[in-house]
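Participant: Before I ask anything, here is the structure I am working with.
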Amino acid sequence: MLSQDLLPLIDAAAARIYRVVHETPLARLPSSIDGAAVTGQGAVVFKQEQLQTTGSFKLRGATNKLMSLSGPAAAAGVVTSSTGNHGLGVATAARLLGIDAEVFLSPQVTPAKRQRIVECGARVRIVGADPLDAESAARAEAAMSGRTYVSPYNDPFVIAGQGTIAVELKRQAPDLDTLFVAVGGGGLISGIGSYLRHAAPDVEIIGCWPRNSAVMYECLRAGRIVRVPESATLSESTAGGVEPGAITFELCREVIHRSVLVSEEEILRAMRLGVQQGFAMEGASGVALAAYLKDRARHAGKTCGVLLCGGNPSPAIADLLA
């Protein structure tokens, strides 16, 4: 799949998902905090997806996928796997659309996130040892039961739903020069990058990774999808492997202009900076902000966007920010 193939799907998503999703606002980062310059003498805007109904951008893709189902498919229900935010998005959209949902989680997902998914009306099943195991088990269950599997990232309708962020950004920040986006499975940056590549081709798309879990980054370096060792990271929602055959691999190759890796110390510092400014921050949002702070000298005088993709940190990480 190429980025141009996603354009009609993104337009269709933008025409229907706002029954469930709402448009999120922009905020500006001040030029200095406590006497230290943070903007590299340019403007910095935050796209605040942490203000989405579920506290994460994932509601967009989940809603678009569920709204694309035929009547019989919707009646049969859906199965998904998640590191937390996608499951919460599917559960929320399914409840509002009257669709049965079951979410497979790995033991790595915190009890707090599990409980939120259950409270949204979905059934939860804990399987395997890591997110890729949960994904494989969920796909097998969907195939056996005749239900639709809702991928966290490897689905054109999910990717198109995430791409509606770019539709909003094009309208909200027409002077945008650069956008920093955290990358996990690649669905978010694939959707955003595909739209901006054609609607605003001069915008530089920068993929951001925690150095401890740079899976898609290493796949792109290898030129194919590979299994990549990971270490613990504050960016819980971007952790996990990339599914073999994922359509996001080629899309990421096409739309990402530059990559930045950040350390756990840089992520935590960025998260604390965001919290200090009043933003709810999870690790993936900290990754994007940390990458901007690390790379800002390259963007002097430019308007940079930082995608705050979510604000749902686990309790242990929230304690570090208190």
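Participant: If a/c stays under 1.5 just call it rounded; otherwise compare a/b with b/c (prolate if a/b is bigger, oblate if not). Do that for segment 233-322, with a ≥ b ≥ c from the square roots of the Cα gyration tensor eigenvalues.
Facilitator: oblate
Participant: So if the hydrodynamic radius of the chain is defined as the Kirkwood radius over C-alpha pairs, what does Stokes-Einstein give as its diffusion coefficient at 10 °C and 1.306 mPa s, in µm² per second?
Facilitator: 83
Participant: Using only Cα atoms, tell me the angle between helix 3-14 and the longest principal axis of the chain; keep it within 0 to 90° and round to the nearest 10.
Facilitator: 80
Participant: In the chain, with Lys and Arg counted as +1 and Asp and Glu as -1 at Cβ, which of these residues, Pro315, Ile205, Ala74, has the Cα nearest the positive end of the dipole, that is, farthest along it?
Facilitator: It is Ala74.
Participant: Still on this structure: Where the only charges are on Cβ atoms (+1 Lys, Arg; -1 Asp, Glu), what is the dipole of the chain about its Cα centre, to the nearest 20 debye?
Facilitator: Charge dipole, the chain, about its Cα centre: 280 debye, nearest 20.
Participant: Relative to the first principal axis of the alpha-carbon coordinates of the chain, what is the inclination of helix 156-172, with its axis defined by its Cα atoms, in degrees from 0 to 90 and to the nearest 10?
Facilitator: The helix 156-172 is inclined about 30 degrees to the chain.
Participant: Which of the listed residues, Gly241, Cys252, Ile267, is farthest toward the dipole's positive end in segment 240-282, when Lys, Arg count +1 and Asp, Glu count -1 at the beta-carbon?
Facilitator: Going by the Cα projections, it comes out as Ile267.
Participant: Return, ordered by residue number, the residues of segment 271-289 whose backbone nitrogen is under 14 Å from a label point located 7 Å along Cα→Cβ of Leu320.
Facilitator: Within reach of a label on Leu320: 271-275, 281-288.
Participant: Right, another one. Any chance you could run the full-extension gain for Asp202 through Glu119? It's 0.36 nm times the residue separation minus the Cα-Cα distance, nm to one decimal.
Facilitator: Full extension from Asp202 to Glu119 adds 25.6 nm.
Participant: Then there's this: With θ set to phi - 60°, apply the Karplus curve 6.51 cos²θ - 1.76 cosθ + 1.60 along segment 273-288 and write out the HN-Hα couplings as whole Hz, x wherever there is a Gly or Pro.
Facilitator: Each residue's phi maps through the Karplus curve to give 4, x, 4, 4, 8, x, 9, 5, 10, 9, x, 5, 5, x, 4, 5 Hz.
Participant: Among the listed pairs Lys65/Lys170; Lys65/Lys294; Lys58/Lys294; Lys170/Lys294, which have their C-alpha atoms separated by more than 30 angstrom in this model?
Facilitator: Where the Cα-Cα span goes over 30 Å, the pairs concerned are Lys65/Lys294.
Participant: With both partners inside the chain, how many of the DSSP beta bridges are antiparallel, as a percent to the nearest 5? Don't skip to the answer; put the middle values down first.
Facilitator: Values: 6 of 37 bridges.
Bridges in the chain that DSSP calls antiparallel: roughly 15 percent.
Participant: Here's another thing I want to ask about it. What is the gain in length, in nm to one decimal, between Asp11 and Ala297 on full extension, counting 0.36 nm per residue of separation less the C-alpha to C-alpha distance?
Facilitator: 99.5 nm
Participant: If I take R0 = 45 Å and measure r between the Cβ atoms of Arg258 and Ala75 in this structure, what FRET efficiency does the formula 1/(1 + (r/R0)^6) give, to the nearest 0.05?
Facilitator: Working: r = 45 Å, r/R0 = 1.00.
So, using R0 = 45 Å, E works out to roughly 0.50.
Participant: Amide H neighbours of Val306 under 5 Å, counting only residues 5+ apart in sequence or on other chains, H built in-plane at 1.01 Å?
Facilitator: Val45, Phe46, Lys47, Phe180
Participant: Follow-up question, since we're still on this one. Output the 0 to 90 degree angle, nearest 10, between the alpha-carbon long axis of helix 85-97 and the longest principal axis computed from the alpha carbons of the chain.
Facilitator: 60
Participant: Taking the number of other C-beta atoms within 10 Å as the exposure measure, put Arg221, Arg114 in order starting with the fewest. Write out the running numbers ahead of the final one.
Facilitator: Values: Arg221 12, Arg114 18.
Ordered from fewest to most neighbouring Cβ atoms within 10 Å, Arg221, Arg114 come out as Arg221, Arg114.
Participant: Ordered by residue, what ³J(HN,Hα) values in Hz, to whole numbers, does segment 69-83 give under the Karplus form 6.51 cos²θ - 1.76 cosθ + 1.60, where θ = phi - 60° and Gly and Pro are x?
Facilitator: 5, 5, x, x, 5, 5, 5, 6, x, 10, 10, 8, 10, 6, 9
Participant: Report, in deg cm²/dmol and to the nearest 500, the calculated mean residue ellipticity at 222 nm for the chain, where each DSSP H run with n ≥ 4 adds -39500 (n - 2.57) and the sum is divided by the residue count.
Facilitator: Values: 13 runs with 144 residues, N = 322.
The per-residue figure over the chain is -13500 deg cm²/dmol.
Participant: Quick one: dipole size for segment 58-150, taken about the Cα centre, charges +1 on Lys/Arg Cβ and -1 on Asp/Glu Cβ, in debye to the nearest 20.
Facilitator: Working: 11 positive and 7 negative charges, 54 e Å.
Rounded to the nearest 20 debye, it is 260 debye.
Each reported figure results from applying straightforward, stated rules to the coordinates on display, with no laboratory input. Since the model is a prediction, treat every value here as computed from it, not as a measurement. Neighbour counts run over all protein chains shown; Cβ positions are idealised from the backbone, glycine included.
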